[in-house]
Amino acid sequence: MFKLHTIVWMVVTSLVPAFQSRAADKPNVLFIAIDDLNHWVGHLGRNPQTRTPHIDRLAEMGVTFTRANCAAPVCNPSRAALMSGMRPGTTGVYDNGQDWKPVIGKDKTLTTQFLNAGYNVFGAGKIYHGSAHRDGEWTEYFDKSGGSKLTLHPSAKDDGVGGIKFGPLSNPDEDMPDYKVVSYGLEKLRAEHDKPFFLAIGIVKPHMPFSVPKKYFDMFPLETIELPPYREDDLSDVPPSGLKMARPEGDHAQMLKSGRWKEAVQGYLATIAFCDAQVGRLINGLNDSEYRDNTVVVLWGDHGWHLGEKHHWRKFALWEEAARTPLIWLAPGLTKAGGVCERPVDHMTIYTTLCDLAGIPIPAHVEGPSIRSLLANPNAVWDQPAVTTFHRYNHSFRSETWRYIQYADGGEELYDHNADPYEWENLADDSQFTSVKAGLSKWTPKKNVAELPRTQGDKGAGKKQRKVASEERQ
Ligand SMILES: [Ca+2]
């Protein structure tokens, strides 16, 4: 009745433990986390000066999300939320300095799900804030990327303006920690694997200091640099809670006084270009590997960055510049090249979607829907806004047309992105938009637990924001 090769196959499969035969069918995952990269990537069109050919190439290979927003506009809570599947209001991790480890069990994290499903889980660089990682959640973690002494190039005047640090380096690319982290990833892509792998590569640049080898600065001559669009009176219609986040008397006042705003923009563009080169090395490594056709790729930035828009610098706010990030997916057999998805999604979708694509059960604690339907068809129906939280009870809701911000003290902002992509005119008090606000506020996260105490060294966006500089330097 059975042909011989069928019988042999039946015997062999009966001897192999079930989890292995299932694991063998699973896709690999290349998970690329980028620190402080805002929407200044070429294909998103926000800043025509930026040069990101490799990130744009990855976008062209899969689906890019043009309205992706982080769960929290700060490194630590953004990453804790993404990696745990739980929003800031569920864990109490709202800012830097709040330790996620006591409130997020090892059983809850994304990497644990992949380990339990039979994957090898490799990590390198900055996946969690401060590159924190726990034993038992990774097969192997590469954290030896330091060691080279980085030196400002003699052409640098100094290391920047106050807490905003920038200046070219004398070093070659190979001295940069990110270069070594990517090299680790390339080794894994060249290796033979007896199990599917989950490879998490955390690139720290363009995080401050905006200091990378001088050749990247030379790509952006200072005389060609243009400031991002901004309005002098932009804060006049922003409520007090928003003003507190903008802190125009801080970095921005200092930057204006220095007359060096364009130099800071140049430094950020240069540092993005360096980051892009590292992403290019990874994409080339994947394309040259035997895993190119069975590896899911997701590239995400942990939050955005202001460079003077709304008189604000850094993240720590709920506007477009701070909340929007690049998000690119490549899923062989599912995504089609050149996909552009304009649906608003936030980073709470990443955990769920990775489990979904790998056929791993989605744990009950995980918040956020899978975007498999959008990967298959970027125009598929989607009824949810992207939600971003910064400190307790402050939420931003981004739909295809609107950004609506609710602050804990009742302050509100509403921007019409069809008419006002830079969020200059706050429409929250206009009664004709009452129903727009009501529709979006339905998506307010239900849990808004108290903030965890600050137990770690850096101060996040607290009163001593200047001290963030030390955190920014890591
Ligand atoms: Ca305004």
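Read-outs throughout are calculated quantities, based only on the coordinates presented, and are distinct from any laboratory measurement. Keep in mind the model is a prediction, meaning the values are calculated, not measured. For neighbour counting, all protein chains shown are included, and Cβ atoms are generated from backbone atoms with ideal geometry for every residue, glycine included.
As a quick test, which of the pairs Lys126/Lys244; Lys101/Lys205; Lys126/Lys205; Lys126/Lys188; Lys108/Lys447; Lys157/Lys257 have an alpha carbon distance above 19 angstrom in this structure?
Values: Lys126/Lys244 29 Å; Lys101/Lys205 25 Å; Lys126/Lys205 10 Å; Lys126/Lys188 17 Å; Lys108/Lys447 17 Å; Lys157/Lys257 16 Å.
The pairs that break the limit, which is 19 Å between Cα atoms, are Lys126/Lys244; Lys101/Lys205.
Across the stretch 290-302, in residue order, what do the Karplus-derived ³J(HN,Hα) couplings come to in whole Hz, using 6.51 cos²θ - 1.76 cosθ + 1.60 with θ = phi - 60° and x for Gly and Pro?
7, 9, 4, 9, 9, 10, 7, 10, 10, 10, 9, x, 6
Which value, in Å to one decimal place, does the Kirkwood hydrodynamic radius take for the stretch 42-198 when every pair of different Cα atoms is included? Don't skip to the answer; put the middle values down first.
On the way: mean 1/r = 0.0537 Å⁻¹.
Mean inverse Cα-Cα distance, inverted, gives 18.6 Å.
Once phi is turned into θ = phi - 60°, what whole-Hz ³J(HN,Hα) does the Karplus curve with 6.51, -1.76 and 1.60 give for every residue of the stretch 358-366, x standing for Gly and Pro?
Values per residue, Gly and Pro as x: 8, x, 9, x, 7, x, 4, 6, 7 Hz.
Between Ala253 and Ala408, what length comes free when the chain is fully extended (0.36 nm per residue of separation minus the Cα-Cα distance, one decimal in nm)?
On the way: separation 155, 0.36 × 155 = 55.80 nm, distance 2.65 nm.
This chain segment gains 53.1 nm when fully extended.
Along each principal axis of its Cα atoms, how long is the chain end to end? Whole angstroms, biggest number first, please.
The Cα atoms of the chain stretch 84, 57, 43 Å along the principal axes, largest first.
Taking just the C-alpha trace of the stretch 172-212, give me its Rg and Dmax in Å.
12.8, 40
With a cut-off of 8 Å between alpha carbons and a minimum separation of six or more residues, what is the relative contact order of the chain in percent? Intermediate values should be presented prior to the final figure.
Details: 995 pairs, mean separation 122.8, N = 474.
Relative contact order here is 26 percent.
What are the ³J(HN,Hα) couplings of the stretch 122-137, residue after residue, when phi is run through the Karplus curve with 6.51, -1.76, 1.60 and θ = phi - 60°? Round to Hz, x for glycine and proline.
So the J values, rounded to whole Hz, are 10, x, 7, x, 9, 9, 8, 4, x, 6, 5, 7, 10, 4, x, 10.
Rg and Dmax in Å for the stretch 191-253, alpha carbons only: what are they?
Cα only, the stretch 191-253: 20.5, 60 Å (Rg, Dmax).
Relative to the longest principal axis of the chain, what angle (0 to 90°, nearest 10) does the C-alpha long axis of helix 4-15 take?
60 degrees
Once the convex hull of the alpha carbons of the stretch 271-336 is built, what does its volume come to per residue, in cubic angstrom?
Details: hull volume 6.6 nm³, N = 66.
It comes to 100 Å³ per residue, whole-number rounded.
Rank-order 371-384, 422-435, 73-86 by packing density, defined as the average count of other C-beta atoms within 10 Å over each peptide's residues, highest first.
On the way: 371-384: 16.3, 422-435: 14.4, 73-86: 27.6.
Ranked from most to least packed, the peptides come out as 73-86, 371-384, 422-435.
I'd like to know how the stretch 131-234 sits against the 2.2 N^0.38 Å rule of thumb: what's its Cα Rg over that expected value? Intermediate results must be reported in sequence, preceding the final value.
Values: Rg = 18.3 Å, N = 104, 2.2 N^0.38 = 12.8 Å.
Scaled against compact globular proteins, the figure is 1.42.
Given H placed 1.01 Å from N in the peptide plane, which residues other than close sequence neighbours of Leu30 have an amide H under 5 Å from its amide H?
HN-HN under 5 Å from Leu30: Leu199, Val296, Val297, Val298.
Which chymotrypsin sites (Phe, Trp or Tyr not before Pro) from the stretch 301-371 combine a DSSP loop assignment with at most 11 other Cβ atoms within 10 Å? If you can, show how the numbers build up before the last one.
Values: sites: Trp305, Trp313, Phe316, Trp319, Trp329, Tyr351; in loops: Trp305, Phe316, Trp319.
Passing sites in the stretch 301-371 do not exist.
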